[in-house]
Amino acid sequence: MSRPVIGIIGNAGLINNEYPVQAVGLSNIEAVADLTGAIPLMVPALPSVGAISDLTSACDGFVFTGGRPNVHPDHYGHKPTEKHGTFDPDRDAVTLPLIRECVARGVPVFGICRGFQEFNVAFGGTLHPEIREIPGRLNHRMPPDGTLEEKFELRHTITLTEGGWFHDLFGSTEIMVNSLHGQGIEDAGPRVVIEGHAPDGTPEAIVIRDAPGFAVAVQWHPEWKAAEDPVSRPLFQALGAAVSARHRAKDQARSVA
């Protein structure tokens with residue numbers, strides 16, 4: 001039997017500040033390759049790559065990565081401001097309908113940072129452009145200085161809902177994570193179940209209610225040195241188990257046909 005394929009959503013970028021590219025961070029690729037048992041495949045965040053149905057047929061699951069541009073507030077009924085930062089309408093055009101279609105069809109999906117925010121917007125939620133400005137909230141942004149190791153180091157705890165999906169996975173109601181985001185959930189979508197909060201109340205872990213398959217997202221960056229981290233490792237392993245199960249089901253369906 002062939003190995004399953006996990007599509008990793010790419011981000012627009014520039015080489016030498018002039019040549020446009022689509023790229024995926026090495027940490028995302030390594031986490032999928034090392035921990036899920038699947039083949040990582042970069043999916044360009046461009047509407048021209050094909051129909052949503054083509055993507056769900058080609059891949060057994062998806063990782064919706066972090067990225068500097070933010071989801072355009074038009075998608076959740078807010079007006080854009082300077083605080084919203086930059087946008088990537090091409091990625092919005094791919095990820096938001098892809099998330100909804102995957103959840104509807106039971107295709108495993110895992111959201112990370114921007115991907116976490118995309119999950120919320122895709123299911124009717126809203127975002128706050130700068131959560132550090134909310135009274136009582138921490139500054140969750142990436143530290144401006146230091147090495148990558150220092151920027152991705154563990155920074156705060158997350159309290160998990162007892163009896164929820166994340167609690168069951170980790171066997172604990174408290175975990176330690178890194179923090180590299182400026183935006184955050186303002187209002188959760190009707191199907192978005194918040195199962196984890198930072199000490200300041202910021203939502204950090206969600207599942208999609210009544211999803212027929214794996215539909216999980218986190219606000220932190222578990223892809224960083226995932227194989228070495230006791231929180232990241234089981235997350236990617238759980239994704240791998242879900243993707244493998246879907247791949248086997250597809251193979252069985254083809255053999256019957």
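The values are calculated or read from the model by the stated rules, or taken from the named source; none is laboratory data. Nothing here was measured: the structure is a model prediction, and the numbers come from that model. Methodologically, a virtual Cβ is constructed for each residue, glycine included, from the backbone with ideal geometry; neighbour enumeration extends over all protein chains shown.
The table below gives the values:
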quantity	calculated
Boolean, Thr161 is surrounded by fewer than 17 Cβ atoms within 10 Å (Cβ to Cβ), at pLDDT 95 or above, β-branched (Val, Ile, Thr) and within 19 Å of Phe123 (Cβ to Cβ)	yes
Neighbours by Cβ (under 7 Å, 6+ apart or cross-chain): first from region 239-257, closer than 22 Å to Val63 by Cα; second part of a helix (DSSP H, G or I)	Gly240/Leu35
Residues (without any contact (Cβ under 8 Å) to a residue 24 or more places away in the chain, of a type outside the set (S, T, N, Q) and either under 30 Å from Ala241 (Cα atoms) or out of contact with any helix residue (DSSP H, G or I) (no Cβ under 6 Å at 6 or more places or on another chain) (or both)) located in region 64-91	Asp74, Lys79, Glu82, Phe87, Pro89
Qualifying residues in region 21-59 (those that are polar (S, T, N, Q) and under 17 Å from His247 (Cβ atoms)) - the one surrounded by the most Cβ atoms within 10 Å (Cβ to Cβ)	Thr36
Boolean, Ala12 is assigned to a loop (DSSP other than H, G, I, E, B), under 18 Å from the mean Cα position of the chain (by Cα) and surrounded by 13 or more Cβ atoms within 10 Å (Cβ to Cβ)	no
Answer from Gln252, Gln237 - the residue that is more than 16 Å from the chain's Cα centre (by Cα) and not in a strand (DSSP E or B)	Gln252
Selection within region 201-234 - assigned to a helix (DSSP H, G or I) and of a type in the set (Lys, Arg)	Arg233
Every pair of residues 6+ apart whose Cβ atoms lie under 8 Å, when the first sits in region 28-44 and is without any contact (Cβ under 8 Å) to a residue 24 or more places away in the chain while the second is surrounded by fewer than 18 Cβ atoms within 10 Å (Cβ to Cβ) and assigned to a strand (DSSP E or B)	Ile29/Met42; Ala33/Ile39
Subset of region 167-187 (residues that are over 15 Å from Cys113 (Cα atoms) and outside any strand (DSSP E or B))	His167, Asp168, Leu169, Phe170, Gly171, Ser172, Thr173
Residue satisfying all of: in region 136-158; surrounded by fewer than 17 Cβ atoms within 10 Å (Cβ to Cβ) and in contact with a strand residue (DSSP E or B) (Cβ under 6 Å, 6 or more places away or on another chain); farthest from Leu26 (Cα to Cα) among these	Thr157
Of the criteria (1) surrounded by fewer than 19 Cβ atoms within 10 Å (Cβ to Cβ); (2) over 20 Å from Asp168 (Cβ atoms); (3) in contact with a helix residue (DSSP H, G or I) (Cβ under 7 Å, 6 or more places away or on another chain); (4) of a type outside the set (Asp, Glu), which one Thr202 fails	(1)
Selected residue (only one of Phe62, Phe87 is under 23 Å from Gly125 (Cβ atoms), surrounded by 22 or more Cβ atoms within 10 Å (Cβ to Cβ) and among the aromatic types (Phe, Trp, Tyr))	Phe62
Candidate set from region 131-185 (those that are of a type in the set (Gly, Ala, Ser) and closer than 30 Å to His75 by Cα); member that is farthest from the chain's Cα centre (by Cα)	Gly136
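Table: residues versus (1) hydrophobic (A, V, I, L, M, F, W, C); (2) out of contact with any helix residue (DSSP H, G or I) (no Cβ under 7 Å at 6 or more places or on another chain).
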| position | (1), (2) |
| --- | --- |
| Phe152 | yes, yes |
| Leu169 | yes, no |
| Glu174 | no, yes |
| Glu186 | no, yes |
| Gly240 | no, no |
| Ala245 | yes, yes |
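Results for (1) closer than 18 Å to Ala104 by Cβ; (2) β-branched (Val, Ile, Thr); (3) exposed (fewer than 14 other Cβ atoms within 10 Å of the Cβ), shown as yes or no for each residue.
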{"site": "Phe214", "(1), (2), (3)": "yes, no, no"}
{"site": "His221", "(1), (2), (3)": "no, no, no"}
{"site": "Asp229", "(1), (2), (3)": "no, no, no"}
{"site": "Val243", "(1), (2), (3)": "yes, yes, no"}
{"site": "Arg246", "(1), (2), (3)": "yes, no, no"}
